[in-house]
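To start, the structure itself, in structure tokens.
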Amino acid sequence: MDRLHLIKVFIAVVDANGFAGAARALRISPPAVTRAINALETQLGVQLLMRTTRVVRLTEPGARYAEDYRRILAEMELADETVAGLHGSPRGVLSVTAPVLFGARFVTPVVTDYLRQYPDMRVSCWFLGRLVNLLEEGLDVAVRIADLPNSSTHAVRVGQVRRVICAAPAYLQQRGIPQTPDDLQQHCIISAQAGATVAEWRLMDAGAVRVVKVLPRLSTNGNESAIAAAVSGFGITRVLSYQIAEQLRNGRLKVVLAEFEPAALPVHVMHREGRHPSQKVQTFLDFAIERLRAHPSLN
């Protein structure tokens, strides 16, 4: 079989997370997909995929092979676009993932501006409350709020956010402003973790990490509801600074114990296409990096 065809089938299996999905995407039969993968593994002399009756997973060599050939295929696509005179106008579908609140408040405006400028592009946004593996789930760009481990994914830092403890001014006037982490034991705690019987807040005290255990009176499965409860004056909560930027500006919430905050968390924009991303990814990266770096809530 043609080697390029085999590679495209392999990438389709990875993107679809299965043989049946790849067959539908390529409009070929599932047995044809199986034959292509078997032929590619035979040519390479290495197993690329682990198959069970319920799931298909990349082996370590398979993950590296998929990453390398995604980059090569993207460069081929870019070369085709350039020859066709389309270099100045990206087209196609781009997939972007980010945390739920961050995606709604920061990424969506970037995406809509991008789509206005590039009418031949379409964007699919996946705003989730979990980490997404770009390679395994076939997504193009991600925003991560975390210190990143060493990986093959390319990342650009665009800002930082803090973990802040906050409450409404009315609550603090009634119950007092905590001066030390120990004072939290005397306050009404709101935890953004549903079902938490004890919340553990990592703070810095005299240059050392200190884990403060507090008993929530209210625990909820979302930051938005925890913030709403705090704004209502019910108690003290702990969230990321960007999530309450508006409430801090309009005075509905106030940060306390700022001197005990841990180090800020970096915000990165990530992609998986190597040093030479495709045109659609590069144009979106340029858009996102410029706008996020300029946002006062992230810097």
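A short reminder: the numbers here are calculations on the coordinates, not readings from a lab. Every value quoted in this text rests on a predicted model; they were computed, and no experiment measured them. Because the Cβ atoms are built from the backbone with ideal geometry, glycine has one as well, and the counts that use them run over all protein chains shown.
Summary of computed values
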read-out	value
Cα pair distances of the chain binned at 10 Å [whole percent]	6, 23, 26, 20, 15, 9, 2, 0
Cα gyration tensor category, rounded, prolate or oblate, for segment 163-260 with a/c compared to 1.5	rounded
For 125, 188, 166, order by how many other beta-carbon atoms lie within 10 Å, fewest first	125, 188, 166
Relative contact order, percent, segment 1-147 [alpha-carbon distance under 8 Å, six or more residues apart]	23
Partner lysines for residue 254 [C-alpha distance under 24 Å; skip if fewer than 8 residues away on the same chain]	213
Per-residue HN-Hα couplings for segment 27-44 [Karplus 6.51, -1.76, 1.60; θ = phi - 60°; Hz; x = Gly/Pro]	6, 10, 7, x, x, 5, 5, 4, 4, 5, 5, 4, 5, 5, 5, 5, 4, 7
Relative exposure of 106, 284, 127, judged by other C-beta atoms within 10 Å (fewest first)	127, 106, 284
Longest segment of the chain lacking trypsin sites (Lys or Arg not before Pro) that sit in a DSSP loop with at most 10 other Cβ atoms within 10 Å	131-274
Taking the chain and dividing mean pair separation by its residue count, relative contact order in percent (alpha carbons under 8 Å, at least six apart)	22
Neighbourhood net charge (14 Å Cβ-Cβ; Lys/Arg +1, Asp/Glu -1) for residue 172	+2
Counting DSSP beta bridges with both ends in the chain, the antiparallel % (nearest 5)	65
Rounded, prolate or oblate (a/c below 1.5 giving rounded, otherwise prolate when a/b exceeds b/c) for segment 1-60 by Cα gyration tensor	oblate
Kirkwood Rh (inverse of mean 1/r, distinct Cα pairs), segment 2-118, angstrom	16.5
Ranking of 154, 271 by count of other Cβ atoms within 10 Å, fewest first	154, 271
DSSP bridge orientation in segment 163-260 - percent antiparallel, rounded to nearest 5	75
In order through segment 195-201: 3J(HN,Hα) via Karplus (6.51 cos²θ - 1.76 cosθ + 1.60), integer Hz, x for Gly, Pro	x, 6, 7, 9, 9, 10, 9
